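The values are calculated or read from the model by the stated rules, or taken from the named source; none is laboratory data. Keep in mind it's a predicted model, so treat the numbers as computed, not measured. So basically every Cβ, Gly included, is an ideal-geometry build from the backbone, and we count neighbours across all protein chains shown.
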Amino acid sequence: MTDTEATALLGLTGVDVHYGDFQALYGLDLSVAEGETLAVIGANGAGKTTLLKTISGLMKPTRGTVRFAGRDVSRTATHKRVRSGIALTPEGRRIFASMTVEENLKVGAYGRRPGPWTLRAVYDAFPLLAEKRTRRGGFLSGGEQQATAIGRALMSNPRLLLLDEVSLGLAPVVIADIYAALPAITAKGTTVLVVEQDLTQALAVADRVQCLLEGRTVLEAAATDVTRAEVAAAYFGTGGVPAQRGAAATIPTTRQEA
Amino acid sequence: MDWVNAVLQGLLLGGQYALLACGLSLMFGVMRIVNLAHGVLAVAAAYLAYWLVSHTALPSFATLVIVIPVMAAVGWALQIGLFNRALKQGELSPLLVSFGVAVIGANLLQEGFKADSRSIAIGDLATSSIRLSDDLSIGVFSLITLVVAVVVIGGLRAFMAYTRVGRGMRATKDDHEAATLMGINERTMYALATAIAIATVALAGVFLGMSTQFTPTYGDLVLIFAFEAVIIGGLGNLWATLVGGLVLGVAQTVGAQIDPAYGVLAGHLVFLAVLLVRPQGLLVSKAVMA
């Protein structure tokens with residue numbers, strides 16, 4: 001671990017984050033090496049979205065530091081972090097509703113960072129977007145919106161891509177489609193931090209998993225070293241003692257919401 | 001033929017209203033700010049042009065080369081210095097702040113230029129007209145104003161639709177937090193929007209000063225007409241603002257045709273009717289800065 005911390009692309013040290021009086025993260029440490037894919041998992045309210053907002057700059061830590069590419073960015077404005085290579089596909093996708101898919105993608109390239117991602121590259125990775133390029137954001141299905149959101153983030157040619165709850169509210173077949181694009185993204189050298197409630201997807205795509213519970217890390221391991229039971233115990237906070245076998249069956253695998 | 005003439009003159013007058021209103025429409029569209037200082041800024045631009053004409057050898061139209069950049073800078077400074085701070089306090093604050101700017105601005109103009117009415121001389125252009133028939137003729141300057149309004153609104157529309165910065169501005173309008181995730185500096189984008197808006201109202205103000213007499217408090221009337229044009233057309237949509245301006249102009253001239261005292265009143269009544277029957281404006285747009 002100390003190895004990766006020395007060369008980490010992203011490093012959080014002792015990060016506290018508050019919403020007013022409510023504390024969402026408690027002294028959180030996290031590190032992602034260049035080229036690695038880290039999955040952060042946890043139940044609702046574990047602090048996953050807050051973590052991504054803190055990395056992207058939408059929230060500022062009350063204590064601790066966020067380092068990116070060797071620089072302390074704890075106080076750096078969001079738009080500047082984007083220009084230095086951090087891109088977030090936010091919770092709820094936040095597609096620009098009055099703009100077409102293609103315009104959304106072009107806005108993603110606003111900072112004009114050079115790199116491999118162009119309109120053509122995004123359309124290659126997400127063929128469904130090429131068909132919908134002239135459709136306005138407000139008229140897209142959930143899956144199309146998610147693909148647009150990821151494509152839009154890629155257009156900024158990020159070194160670090162933050163994906164928040166990609167699977168939320170999508171049908172399994174659509175989730176599979178979107179995750180199918182992930183290897184093409186990491187193959188271009190992009191480091192990915194994915195936040196998921198869907199354990200199956202998270203374990204399938206990640207090199208390493210870090211499980212949060214009520215704002216603290218309760219498990220951190222290579223994705224291949226960890227069993228579902230261990231993850232389940234951490235996920236539900238059942239004290240590190242693997243719960244009875246039945247517990248694994250209650251792990252939310254694919255959540256499909258309205 | 002009188003009625004045809006009234007409509008024709010109304011359309012020409014509407015060009016002036018549309019030109020006055022498009023900056024108001026832009027600021028509301030991008031930032032949800034209703035800028036009550038809009039009228040006083042138009043009049044301030046007219047005074048600046050008047051001052052330049054009387055203190056330098058600059059021809060009237062050439063003053064635009066100075067007035068527009070100066071007023072754009074004023075707009076930028078207003079946004080950075082006042083409106084951006086006010087926006088943090090909620091939606092109502094910029095409205096109140098702009099009201100303060102309007103009051104202070106009108107009084108500063110009063111101090112600097114006295115309450116006498118002024119106008120910017122444009123020589124023969126003020127009276128020259130094109131005869132369409134024995135009964136119909138249109139003023140050349142009114143026609144120029146209408147053409148300028150269409151060009152400015154078309155230009156703004158093209159800027160928003162086809163340029164990188166214009167797309168960034170629309171993104172900021174749609175979702176300002178998501179826009180920052182695209183690498184857009186929201187506060188700079190707002191400052192740019194206001195600078196452009198005030199540049200257009202400066203142009204409109206100078207044209208106004210060339211077509212009519214103005215006083216330091218004339219901005220109140222300008223604000224009302226601009227506001228009516230924006231509401232009649234539909235909020236936050238630039239082409240709708242053009243249509244709104246034309247409708248308001250026609251309403252006023254047709255009203256005046258019925259009785260010369262009813263011109264402005266007829267405009268207000270159309271405005272009220274639109275608010276009652278079709279509050280989203282005549283041209284409905286679904287959140288599109290078209």
Helices (runs of 4 or more DSSP H) wholly inside segment A:153-216 that include at least 3 residues being farther than 21 Å from residue A:78 by Cβ, away from chain B (no Cβ under 14 Å) and free of Cβ contacts under 8 Å to residues at least 12 places away in the same chain:
A:172-180
Restricting segment A:168-202 to residues that are surrounded by 20 or more Cβ atoms within 10 Å (Cβ to Cβ), modelled with pLDDT of 90 or more and among the polar types (S, T, N, Q), the residue that is nearest to residue A:53 (Cα to Cα):
A:191
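Count, please, the residues in segment A:89-108 that happen to be of a type in the set (D, E, K, R) and more than 12 Å from residue B:168 (Cβ to Cβ). Steps first, please.
In the first step, residues of segment A:89-108 are kept if they are of a type in the set (D, E, K, R); the result is A:91, A:93-94, A:102-103, A:106.
Subsequent filtering for residues that are more than 12 Å from residue B:168 (Cβ to Cβ) retains A:91, A:93-94, A:102.
So the answer is 4.
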Let me confirm something: among B:36, B:13, B:26, B:48, which residue is closer than 28 Å to residue B:174 by Cα and assigned to a helix (DSSP H, G or I)?
B:26
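Given the criteria of a type in the set (Gly, Ala, Ser) and more than 7 Å from chain A (Cβ to nearest Cβ), does residue B:154 qualify? Quick ask: steps written out before the conclusion?
Details: of a type in the set (Gly, Ala, Ser): yes; more than 7 Å from chain A (Cβ to nearest Cβ): yes.
Spelling it out, residue B:154 is indeed of a type in the set (Gly, Ala, Ser) and more than 7 Å from chain A (Cβ to nearest Cβ).
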Residues of segment B:175-207 satisfying the condition of being out of contact with any Leu (no Cβ under 8 Å at 6 or more places or on another chain), at the interface with chain A (Cβ under 7 Å from one of its Cβ atoms) and crowded, with 23+ Cβ neighbours inside 10 Å:
B:178, B:182, B:183, B:184
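If you go through segment B:232-246 one residue at a time, do you hit one that is touching a residue at least 40 places away in the same chain (Cβ under 8 Å), outside any helix (DSSP H, G or I), touching a helix residue (DSSP H, G or I) at 6+ places or on another chain (Cβ under 8 Å) and on the phi > 0 side of the Ramachandran plot?
Filtering segment B:232-246 for residues touching a residue at least 40 places away in the same chain (Cβ under 8 Å) gives B:232-246.
Subset that is outside any helix (DSSP H, G or I): B:234-237.
With the extra rule that they be touching a helix residue (DSSP H, G or I) at 6+ places or on another chain (Cβ under 8 Å), the set shrinks to B:234-237.
Remaining after also requiring on the phi > 0 side of the Ramachandran plot: B:234, B:236.
Yes, there is a match, as at least one residue in segment B:232-246 is touching a residue at least 40 places away in the same chain (Cβ under 8 Å), outside any helix (DSSP H, G or I), touching a helix residue (DSSP H, G or I) at 6+ places or on another chain (Cβ under 8 Å) and on the phi > 0 side of the Ramachandran plot.
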Would you tally the residues in segment A:94-110 being more than 19 Å from the chain's Cα centre (by Cα), at the interface with another protein chain (Cβ under 7 Å from one of its Cβ atoms) and not polar (S, T, N, Q)?
7
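Can you pull out the residues in segment A:117-144 that are within 12 Å of another protein chain (Cβ to nearest Cβ) and either crowded, with 23+ Cβ neighbours inside 10 Å or under 30 Å from residue A:71 (Cα atoms) (or both)?
Taking segment A:117-144 first, the residues within 12 Å of another protein chain (Cβ to nearest Cβ) are A:136-139.
Residue satisfying the conditions is A:137 alone.
Condition first: among the acidic types (Asp, Glu) and closer than 16 Å to residue A:149 by Cα. Now tell me which residues in segment B:170-206 satisfy that. Give the derivation first.
First pass over segment B:170-206, keeping only residues among the acidic types (Asp, Glu): B:174-175, B:177, B:186.
Within segment B:170-206, B:174, B:175, B:177 meet the criteria.
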Tally of residues being facing chain B (nearest Cβ under 8 Å), surrounded by fewer than 23 Cβ atoms within 10 Å (Cβ to Cβ) and in contact (Cβ under 8 Å) with a residue 40 or more places away in the chain across segment A:69-82:
0
From B:86, B:72, B:106, B:77, grab the single residue that is buried (at least 17 other Cβ atoms within 10 Å of the Cβ) and without any contact (Cβ under 8 Å) to a residue 12 or more places away in the chain.
B:86
Residue tally, condition farther than 23 Å from residue A:223 by Cβ, assigned to a loop (DSSP other than H, G, I, E, B) and not small (Gly, Ala, Ser), over segment A:41-85
8
Can you pull out every residue in segment B:224-267 that is more than 17 Å from the chain's Cα centre (by Cα) and surrounded by fewer than 19 Cβ atoms within 10 Å (Cβ to Cβ)?
B:257, B:258, B:259, B:260, B:261, B:262, B:264, B:265
Please work out which one of (1) under 19 Å from residue A:194 (Cβ atoms); (2) facing another protein chain (nearest Cβ under 7 Å) is the condition residue A:91 fails and give its number.
(2)
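Does residue A:26 count as surrounded by 15 or more Cβ atoms within 10 Å (Cβ to Cβ), within 14 Å of chain B (Cβ to nearest Cβ) and not small (Gly, Ala, Ser)? Lay out the reasoning, then the answer.
Values: surrounded by 15 or more Cβ atoms within 10 Å (Cβ to Cβ): yes; within 14 Å of chain B (Cβ to nearest Cβ): no; not small (Gly, Ala, Ser): yes.
For residue A:26, the condition - surrounded by 15 or more Cβ atoms within 10 Å (Cβ to Cβ), within 14 Å of chain B (Cβ to nearest Cβ) and not small (Gly, Ala, Ser) - is not met.
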Within segment A:1-21, residues of a type in the set (A, V, I, L, M, F, W, C) and modelled with pLDDT of 95 or more come out as A:9, A:10, A:12, A:15, A:17
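Can we say residue B:140 is more than 14 Å from chain A (Cβ to nearest Cβ), exposed (fewer than 15 other Cβ atoms within 10 Å of the Cβ) and either out of contact with any Cys (no Cβ under 6 Å at 6 or more places or on another chain) or among the polar types (S, T, N, Q) (or both)? Spell out how you get there, then give the answer.
Details: more than 14 Å from chain A (Cβ to nearest Cβ): yes; exposed (fewer than 15 other Cβ atoms within 10 Å of the Cβ): no; either out of contact with any Cys (no Cβ under 6 Å at 6 or more places or on another chain) or among the polar types (S, T, N, Q) (or both): yes.
No; evaluated as a whole, the condition is false for this residue.
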